[in-house]
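Below is one structure; the comments refer to it alone.
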Amino acid sequence: AAHLHYEVRRGFLNPPESRRVSSDPVDVIVLPLPQRDRPAAFTGAVGRLEMSASLSPERVPVGEAAVLTVELRGSGNVRALPEPRLPELRGVELYPPTQESTVDVAADVVGGSKRFRWVLVPESPGVVTIPPLEYGVFDPELRRYVTLQTDTVRMHAVPAVLASASDTMLRPLR
C-alpha cells in the first residue's frame, strides 16, 4: 500500500492537524525469464524493440574520427538497456560508447529510445566493414526471445591529405 502523511492548518491561529491517507495494496507478479531458447546475444534487455545502426561520416581520412550510432527504440525500460557488443574491428581505434536515452509514456506504455555512440578512428586506408550487430531481447508480448540485427555498415578510410610546405609557411600580410 502507498501512504501519504500531510498536515492541515485550519486558520492562522490553529495548530496543524496530521492526516494520513493509504491506498489498497497492489499485487505485482514478477515472472522469471525463461532459460529455454535464450540466445547467446542476450544480455538482459526486455521489451518490444527495434534496432538500427549508422555511421557518420562514411568516408573519413585516416586518423580522423567517425561516429557509429546504434539506436534501440520501442517499449520497455529503455534507460536500463545494456550496450550492444561490437565485434573486434582490426585497424580501427575504438573508444567506449556514450549513451543517451529518451523516455516516453503513452497510453500507460513506457518506452522511448536509447542511443549508443562509439568514436572510430581508422589507422590505415581501406574499407572497414562492421558486420551486422546482434542484440538479444526478451519480448514480453510474444513471450519469447528475439534477436535484433542491424545492417552491415562500411567505413571508407581514405589517405590523409598532407599540407605542402608552402601551405604552412608564414607569409607577410599586406
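Descriptive notes on the structure:
- Shape category assigned to segment 89-150 from the gyration tensor of Cα positions, a/c cut at 1.5: oblate
- The shape of segment 1-59 comes out oblate: with a ≥ b ≥ c from the C-alpha gyration tensor, a/c is at least 1.5 while a/b does not beat b/c.
- Peptides 5-15, 96-106, 110-120, 56-66 ranked from most to least packed by the mean count of surrounding Cβ atoms within 10 Å: 110-120, 56-66, 96-106, 5-15.
- By accessible area with a 1.4 Å probe, ligands and nucleic acids excluded, highest first: order of Ile130, Ile29: Ile29, Ile130
- Signed unit charges on C-beta, dipole axis of the chain, positive-most listed residue Gln35, Ser52, Val103: Val103
- Between Val153, Asn14, Pro122, the Cα set farthest toward the positive side of the dipole of the chain (charges on each charged residue's Cβ, about the Cα centre) is that of Asn14.
- Fraction of alpha-carbon pairs over 26 Å apart in the chain - percent: 54 percent
- Fully extending the segment from Ile29 to Glu83 would add 16.7 nm, taking 0.36 nm per residue of separation and subtracting the current Cα-Cα distance.
- Taken about its Cα centre, the chain carries a charge dipole of about 320 debye when Lys and Arg each add +1 at the Cβ and Asp and Glu each add -1 at the Cβ.
- Angstrom value of the Kirkwood radius, inverse mean 1/r, which spans all Cα pairs in segment 53-133: 14.0 Å
- Model label points for Asp37 and Leu94, set 7 angstrom from Cα along the Cα-to-Cβ axis, are 3.0 nm apart.
- Inter-site label distance for Val146 and Arg10 at 7 Å from Cα along Cβ, in nm: 5.9 nm
The values are calculated or read from the model by the stated rules, or taken from the named source; none is laboratory data. In this text the structure is predicted, and so the values were computed from the model without any measurement. When we count neighbours, we look across all protein chains shown, and the Cβ atoms used for this are built from the backbone with ideal geometry, even at glycine. These area figures cover heavy atoms from the full protein model, side chains too; ligands, DNA and RNA do not enter into them. Shrake-Rupley method; radii C 1.70, N 1.55, O 1.52, S 1.80 Å.
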